[in-house]
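One structure is given here, and the rest of the page talks about it.
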Amino acid sequence: MKPILKLYRGYANEQELIVMGHVFKPTTIEEYNFQKKNLKNATSVIKMFQIKTQANADVYLDHNNTKIHTKTLDDGYFKFCVPLYNNTQYGWIDYEVSITYKNEQISTQNSYIRPHKGNLGIISDIDDTFLVSHTKSPLKKLYVLLFKNVNKRKIYDDVVRHYQALSTAGRKNKEEFNAFFYVSSSEWNLYRFITNFTDLHKLPKAVLLLKDIKTSLTDFFLTGRGNHNHKFDKIKHILEFYPNLEYVLLGDDSQHDPYLYEAICKIFPVTVKAVYIRQAGDYKKEKIIAVLKNLESLNVAVCYFKNSSEAIAHSQKMGLIK
C-alpha cells in the first residue's frame, strides 16, 4: 500500500502561483465510487471522512524546470505559494506534484487557472446556491448526502445557463473564461464529489476553496456546520489576490452568505458589482431584504430570487450578460 496524493485546482495572478492538496496515509479504503446506490453510497461517503492524513510529508512541485520542496501541515494539507516570473501562459495550465515512498516517486497532475486579462470574477457558494442540499434541515441534508449519489443529487433549474453566461460575460473570445470560484463550508473530503457534480451538469470549471479536512465520524455528522469565518477569509483573499477584477457574488439565504457578502462589500467598496441571493425556503426573509437594501446604498446591484430565471433576467437587465 502506498500513500495517496490528492491535488486540487490552483490559481495564479501576474506575480504568484498557488496550488494545494493533501497527502493521505496508505489505506485499503477504496476511492469514493460515485455510482453506488443507497446504503453502498452511504458507506462510501462515511469512508471519505475516515481517511487518515500524513503530517510533515515531503512534497515536491515541478515548476520552471526545478523541484520546489515543502512538507505537509499537521492535517496532511500542503500549499505552495510560489513567485511567478515571465509567465506568458493564460487559461487553465497543468501542474505536477510528487511525493516519494520507499524510493518510488508518486506523481499527480492537476491544473491551475491564470485568468486571461478581463474584468470579471465570479464567486459562488455551493450548498443550496446551485446544489440542492437542504442546509436548513440537518437530518434531511445528512440523508441526501448519504443516500443520493452524484447522479441523483439535484441542481436548481436554469442555474447552469446563468453560470455559463457569467463565465463568458464580457469576453469576445468564447474560448476565454472569467475566473470562477466555488467557496463552501463543506470540507475537502467532498472535493471529488463536488467536481464530479459540476462536471456532470456542465457548470463552469472553477477553483474550489473548501474547509479543513475532517478525519473522524463525529466530524462527519457536523459536516458543513460551525464557523463560517473561513468563507469570509477565502473570499477576502480572492478579492485581494485579483484586485483589478469586478466581482459577482452568488449565495443563498439558508445560512450566512448575505452577511458575509455585506461585510465584503463594505471592505471592497469599488470591487463588488452584484450580489445574488437565492431564497432557499418558502418566504423571503425580512433580515435579508434589509441587508440587500443596505448593499444597494453602497451602489451594489442586488437580486433576491427564488428561481434562477429571475437572476438571469436581472443580469441581462444590468448588462452583465447578453
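Report the antiparallel proportion of the DSSP beta bridges in the chain as a percent, rounded to a multiple of 5.
About 55 percent, rounded to the nearest 5.
What is the diffusion coefficient of the chain in µm²/s, taking the Kirkwood radius over Cα pairs and the Stokes-Einstein relation at 10 °C with a viscosity of 1.306 mPa s?
The estimated diffusion coefficient comes to 77 µm²/s.
So, with +1 on the Cβ of K and R and -1 on the Cβ of D and E, and no other charges, what is the size of the charge dipole of the chain about its Cα centre, to the nearest 20 debye?
820 debye
Can you tell me what the convex hull of the Cα atoms of the range 1-127 projects to on average, as an area in nm²?
10.0 nm²
Compute a Gaussian network model of the chain, connecting alpha carbons closer than 10 Å, and tell me which residue from Glu286, Glu96, Glu14 fluctuates the most.
Glu286
Determine, for each peptide in 244-254, 268-278, the mean count of other beta carbons within 10 angstrom over its residues, then list the peptides with the highest first.
244-254, 268-278
Explain nothing, just the number: dipole magnitude of the range 123-189 about its Cα centre with +1 on each Lys and Arg Cβ and -1 on each Asp and Glu Cβ, in debye rounded to the nearest 20.
260 debye
As a test of the formula, what do you get for the chain when each DSSP H run with n ≥ 4 contributes -39,500 (n - 2.57) and the sum is divided by the residue count, at 222 nm and rounded to the nearest 500 deg cm²/dmol?
-8000 deg cm²/dmol
Gaussian network model of the chain, Cα springs within a sub-10 Å range: biggest mean-square fluctuation belongs to which of Gln15, Gln279, Gln54?
Answer for the Gaussian network model of the chain: Gln15.
Taken together, the values in this text are just the output of simple stated rules run on the coordinates, not laboratory data. None of these values were measured; they are calculated from a predicted model. Neighbour counts run over all protein chains shown; Cβ positions are idealised from the backbone, glycine included.
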